[in-house]
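Read the structure below first, then the notes.
Read-outs: derived from the displayed coordinates by stated rules, not from any lab. Note that this is a predicted model, so its numbers are computed, not measured. Here Cβ is always computed from backbone atoms with ideal geometry, including for glycine, and neighbour counts include all displayed protein chains.
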Amino acid sequence: MAEWFRRKSDKINTNFKKDTKEGVWIKCTNCGNILSKKILSKKYNCCSSCNYHFRMLPKEYLELLLNDSTELWADIKSQDPLNFKASKSYKEQLEKSEKQGNNTDAVRVFSGKINTEKAILCIMDFSFIGGSMGSVVGEKISRAIGLAQDENLPLIIVCSSGGARMQEGAISLMQLAKICSKLSEFSSNKNFLVTLLTDPTMGGTTASYAMLGDIILAEPNALIGFAGQRVIKQTIGEDLPPGFQRAEFLKKHGFIDEIVKREDMKETLFNLISFFKKEQEQN
């Protein structure tokens with residue numbers, strides 16, 4: 001090795017640590033840009049470069065959409081009727097999810113105001129066992145429907161779910177029929193339902209109440225469908241079209257009414273509720 005390339009002193013310190021705190025930065029899943037989490041939160045968790053919508057927790061949707069809010073039925077918790085066990089027991093999964101998210105299950109229900117309009121808001125939580133529907137999700141959404149009907153208030157459901165919760169078996173599947181039957185009564189009484197489909201909205205959620213809104217909104221590029229793309233491709237033996245199961249594809253084919261950016265979501269919901277109230281008063 002050439003002499004000029006040799007280190008002259010062993011006392012030179014090359015072990016430098018970056019003076020940055022963990023969790024300060026995040027990489028955009030879509031464009032790869034490095035973003036400040038602090039700035040990201042101020043922009044409704046949307047990338048400033050490509051407008052990619054990061055997934056949000058219920059508390060973040062609550063801050064985005066409602067003012068003067070009160071949480072309802074926060075103490076209801078899932079049981080383990082089947083004594084389900086896999087690599088972890090169902091009870092362990094519930095306890096872990098509850099500690100991580102400070103939620104008792106995969107949906108939170110609030111009453112409050114969207115600007116000046118009163119509403120009932122259900123927000124699903126994908127971080128709680130994939131936003132899966134168990135008996136508590138079915139019960140809380142059913143109660144929310146009943147309350148909105150009794151008080152003649154609009155109901156907003158923010159959907160984010162992988163579908164039915166296998167740990168509860170047929171009890172989970174029963175929630176689809178339970179919620180849909182309540183919504184049928186809700187609709188027959190001329191109440192107003194808006195469903196907001198976020199990333200991801202899949203499985204039984206899509207096959208039931210997510211698609212029953214009087215108005216169906218979606219966030220940009222949200223994954224929306226029933227079965228996964230790989231399953232569909234293997235079943236039909238064909239390549240799927242570009243953008244399949246994304247919000248833009250569904251809007252083009254008439255499955256949703258509008259794609260709304262987060263920054264416009266509160267005003268859009270307020271305008272829809274105001275319009276519905278005027279129509280209701282005139283009729």
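Charges on Cβ only, +1 for Lys and Arg, -1 for Asp and Glu, centred on the Cα centroid of region 88-227; of Ser97, Leu196, Ser184, which one is farthest towards the dipole's positive end?
Ser97
Set Lys and Arg Cβ to +1 and Asp and Glu Cβ to -1, take the dipole of region 55-282 about its Cα centre, and tell me which of Met133, Asn271, Ser160 lies farthest positive.
Looking along the dipole axis, the top candidate is Met133.
Taking GluC sites (Glu not before Pro) that fall in a DSSP loop and have at most 16 other Cβ atoms within 10 Å as cut points, what is the longest piece of the chain between them?
Working: sites that count: Glu22, Glu151, Glu238.
Within the chain, the longest run free of exposed GluC sites (Glu not before Pro) spans 23-150.
Determine the sum of side-chain charges near Gly146: Lys and Arg each +1, Asp and Glu each -1, restricted to other residues whose C-beta is under 14 angstrom from that of Gly146.
Numbers: positive: Lys140, Arg143, Lys178, Lys182; negative: Glu139, Asp150, Glu151, Glu185.
Spelling it out: positives minus negatives among the neighbours equals 0.
What percent antiparallel are the DSSP beta bridges of the chain, to the nearest 5? Write out the running numbers ahead of the final one.
On the way: 18 of 36 bridges.
Around 50 percent of the beta bridges assigned by DSSP in the chain are antiparallel ones.
Would you tally the net charge around Ala222, using a Cβ to Cβ cut-off of less than 12 Å, leaving Ala222 out, and scoring K and R as +1, D and E as -1?
Numbers: positive: Arg55, Arg246, Lys251, Lys261, Arg262; negative: Asp199, Glu219, Glu248.
After counting each charged neighbour, the total is +2.
Quick check on the exposure proxy: order Phe128, Phe54, Phe226 from fewest to most C-beta atoms within 10 angstrom. Could you put the intermediate results ahead of the total?
Numbers: Phe128 28, Phe54 20, Phe226 15.
By the 10 Å Cβ count, ascending, the order reads Phe226, Phe54, Phe128.
Which aspartates and glutamates have a Cα lying under 14 Å from the Cα of Lys88, excluding residues fewer than 8 positions away in the same chain?
Filter leaves Asp80.
Give me His253, His53 sorted ascending by neighbouring Cβ count inside 10 Å, so fewest comes first. The partial results should precede the final answer.
Values: His253 8, His53 21.
Listed from fewest to most nearby Cβ atoms, that is His253, His53.
Under the rule of -39500 (n - 2.57) per DSSP H run of 4 or more residues, summed and divided by the residues of the chain, what mean residue ellipticity at 222 nm is obtained, to the nearest 500 deg cm²/dmol? Display every interim value, and only then the final one.
On the way: 9 runs with 101 residues, N = 283.
Helices in the chain give a 222 nm mean residue ellipticity of -11000 deg cm²/dmol.
With +1 assigned to the C-beta of every Lys and Arg and -1 to the C-beta of every Asp and Glu, and no other charges, what is the dipole magnitude of region 223-283 about the Cα centre in debye, to the nearest 20? Show your work: numbers first, answer last.
Numbers: 10 positive and 10 negative charges, 40 e Å.
Dipole about the Cα centre, nearest 20: 200 debye.
Kindly put Met124, Met265, Met211, Met133 in sequence by how many other C-beta atoms sit within 10 Å of each C-beta, fewest to most.
Details: Met124 26, Met265 20, Met211 17, Met133 32.
Taking fewest neighbouring Cβ atoms as first place, the list is Met211, Met265, Met124, Met133.
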